[in-house]
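Remarks on the structure that follows.
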Amino acid sequence: MRALLRHGYSADEAQPVADHVVDAALCGYEYSGLPKILNLIEHAQLRGAHKQRRCLHETPVSARIDGGNQNGMLAMHHASEMARAKASEHGFAVIGIHNIWMSGRSAFYVERLAQAGLIGLHTVASRPQVAPPGAARPAIGTNPIALGFPTEGDPLLIDMGTSALMFTDLMFRKRTGQALPEGVAIDAQGRPTTDAASALLGAVLPYGGHKGFALAVAMAALGVAAGSGEDPDQAGYLLMAIRPDLLQPLVQYRHELSLLIERIRATPRQPGVDAIRIPSERAFAERRRRRHSGIELDRRVVDALLEAAGESAAVIRA
């Protein structure tokens, strides 16, 4: 909070951002946690002119929003609240937003929709950072997709990028000096690389080859509807919320989805496998554990955050 306040955020703006990155850290996504604040502070668009968000078109079940070059975590916080309110009243909502940057962990938004008894879908068409199969330059974004579903217990969350490595993870590995896995990135000359700095000048590759690339193109097409089509460097964010009782009672939907998950979990296992893992289970377990045990942070990240807040790491340690 102190680092964000020192770099131009009001308290009302900083709180949703801080909540977002701390929750990512609790869920075990280190690169989307506290290092994200450093990425925000260093981001070139932070130095651009910020304007008020404005609604370009609105109906009872939809809205298209110009985010005014605002931080994406803050803008998406408001967009998800709008989607929740519209869908709760009318059964369905779709929100498109552009002219924002760095929206954070997509599961954060669809989880909140699922907690409100809604099915959530969030797609991102980001600026070019991914090379199509066979290409030597980036032409499409990391373009994640996230879905959230209400159950009788923790929501079912699915959150995945269509690239072999997310850009935030790439930035984190550069910051901490970690090598990249083989086969996930190319340098500026189109050659395979495991060096994060070289990959930042080149491109990352699609997840799953041509299949991941096809999904990324689909996310880009949805992004055009949200406002990304006019500028190739402009991101488009689409958020849908659906009330299950458009099709069946919510109680019935929760129960039947919970039964499906239990049937999947009960699948006979191969030797040496202790459990069939369901998407998002690990994150929820980590969140519960870390709320009691605390969050481990890389010392370099801690020192950089203290410096961003105008505080001395040596004094804090003393």
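Only the coordinates and a few stated rules stand behind these numbers; no lab work does. Because the structure is a prediction, the values reported are computed rather than measured. Every residue, glycine as well, gets a Cβ built from its backbone with ideal geometry; the counts of neighbours run over all protein chains shown.
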Report the normalised scattering of the range 116-253 as log10 I(q)/I(0) at q = 0.12, 0.18, 0.21 Å⁻¹, calculated by the Debye formula with identical scatterers on the alpha carbons. -0.54, -0.95, -1.13
Averaging over every viewing direction, what projected area does the convex hull of the Cα atoms of the range 114-181 cover, in nm²? 6.4 nm²
Rotationally averaged projected area of the chain (alpha carbon convex hull; nm²): 18.4 nm²
In 10 Å bins starting at 0, how do the alpha-carbon pair distances of the range 218-269 split up by percent? 21, 24, 21, 25, 9, 0
Kindly write out, for the range 123-139 in residue order, the coupling ³J(HN,Hα) from the Karplus curve 6.51 cos²θ - 1.76 cosθ + 1.60 (θ = phi - 60°), rounded to whole Hz, with x marking Gly and Pro. 10, 10, 10, 9, 5, x, 9, 10, 8, x, x, x, 8, 9, 9, x, 9
Spatially close lysines, pair count over the chain: Cα under 29 Å, gap of eight or more or interchain: 5
What span do the alpha-carbon atoms of the range 167-318 cover on each of the three principal axes, reported in whole Å from largest to smallest? 55, 48, 39
Total charge of the residues flanking Pro150 in space, meaning their Cβ is under 15 Å from its Cβ, with Lys and Arg +1 and Asp and Glu -1, is -1
Over all alpha-carbon pairs in the range 62-175, figure out the percentage whose distance exceeds 20 Å. 46 percent
Quick one: order Glu152, Glu230 by neighbouring beta-carbon count within 10 Å, fewest to most. Glu230, Glu152
A convex hull over the alpha carbons of the range 10-108 yields, per residue, a volume in Å³ of 97 Å³
Leading residue at positive end of dipole, the range 187-318 (Cβ point charges), from Ala221, Gly236, Ile264: Ile264
Which of the listed residues, Leu305, Gln115, Ser62, is farthest toward the dipole's positive end in the chain, when Lys, Arg count +1 and Asp, Glu count -1 at the beta-carbon? Leu305
Rounded to the nearest 500 deg cm²/dmol, what is the calculated helix-only ellipticity per residue at 222 nm for the chain, with -39500 (n - 2.57) per DSSP H run of length n ≥ 4? -12500 deg cm²/dmol
About the Cα centre, and with charges only on the beta carbon of Lys, Arg (+1) and Asp, Glu (-1), how big is the dipole of the chain? Nearest 20 debye, please. 240 debye
Find the eigenvalues of the gyration tensor of the Cα atoms of the range 235-309, then list the square roots of 5 times those eigenvalues as equivalent ellipsoid semi-axes, largest first, in whole angstrom. 35, 24, 12
